[in-house]
Amino acid sequence: MTRLTQLTDEAAAPAAQELFAAIKSKVGMVPNLYRVLANEPAALAANLGINEALGNGSFDAKTREAIALVSAGANNCDYCASAHTAISKSLKVDQAEISARLHGASSDPKLDVILKFAKAVIDKRGFVSDDELAAARNGGLNEGEVVETIANVVANIFTNYVNHVAETEIDFPEVKANAA
């Protein structure tokens, strides 16, 4: 049982109901994470807003999902591991690559650099070493991509932590973040 309420459409505040309608129009349902965030419509709007803004960045959907997976793995968030595995599969990412991404690696060299840097940011709470930043740069990341990686990490840490506190009910095929 969840520790924070997953609001139904009817129980949600009018502002959250409007956001639910927008979510349904895009994905056909309202994932339970959003139902938890709707307890504070501003938090739901903030989450949707940062993800929409990052969708206009230089990283494509597969890269953003890969960062979501490494964040889920590093933060041991089964809800996010499950959700982002399902999304990655819909983007035609194979299971072996999904498992690697949960652990901060990729068969794609540039994505591998991004994921290793993202994992360092998570593991060190942003206090990456000069060597880790140099490795990201030497691996082909420009300063905009470094900042975009950090922004995606932060967006995902927010949802990881909400799910930890809420113990959000997983509404995707379940994936254990630490077992993938």
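Where a number appears in this text, it was derived from the coordinates with a stated rule and is not lab data. For clarity, every value in this text was computed on a predicted model and none was experimentally measured. Quick reminder, even Gly has a Cβ in these numbers, built from the backbone with ideal geometry, and neighbours come from all protein chains shown.
What the table shows:
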read-out	value
Conditions (1) among the aliphatic types (A, V, I, L, M); (2) in a helix (DSSP H, G or I); (3) over 30 Å from Thr5 (Cβ atoms); number of the one not met by Ala105	(2)
Segment 23-52, subset assigned to a helix (DSSP H, G or I) and among the small types (Gly, Ala, Ser), residue farthest from His84 (Cα to Cα)	Ala42
Segment 69-86: number of residues that are out of contact with any Gly (no Cβ under 6 Å at 6 or more places or on another chain) and either farther than 16 Å from Asn32 by Cβ or part of a loop (DSSP other than H, G, I, E, B) (or both)	7
From Asp78, Asp94, residue being at negative phi, crowded, with 16+ Cβ neighbours inside 10 Å and not hydrophobic (A, V, I, L, M, F, W, C)	Asp78
Criterion violated by Tyr161 - all others in (1) touching a helix residue (DSSP H, G or I) at 6+ places or on another chain (Cβ under 7 Å); (2) in a helix (DSSP H, G or I); (3) more than 21 Å from Asp108 (Cα to Cα) satisfied	(1)
Residue match in segment 44-57 (condition: loosely packed, with under 15 Cβ neighbours inside 10 Å and over 19 Å from the mean Cα position of the chain (by Cα))	no
Lone qualifier among Gly139, Gly144, Gly126 - being touching a residue at least 60 places away in the same chain (Cβ under 8 Å) and over 15 Å from the mean Cα position of the chain (by Cα)	Gly144
Positions within segment 87-99 being assigned to a helix (DSSP H, G or I) and closer than 13 Å to Lys62 by Cβ, in sequence order	Ile87, Ser88, Lys89, Ser90, Glu97, Ile98
In segment 13-38, the residues that are of a type in the set (Gly, Ala, Ser) and out of contact with any helix residue (DSSP H, G or I) (no Cβ under 6 Å at 6 or more places or on another chain)	Ala21, Ala22, Ser25, Gly28
Pairs with Cβ under 6 Å, 6+ apart, first in segment 161-180 and over 9 Å from Asp78 (Cβ atoms), second among the basic types (Lys, Arg) and loosely packed, with under 14 Cβ neighbours inside 10 Å	Ala166/Arg3; Glu167/Arg3
Unique match (being touching a Lys or Arg at 6+ places or on another chain (Cβ under 7 Å) and buried (at least 21 other Cβ atoms within 10 Å of the Cβ)) among Ala83, Ala66	Ala66
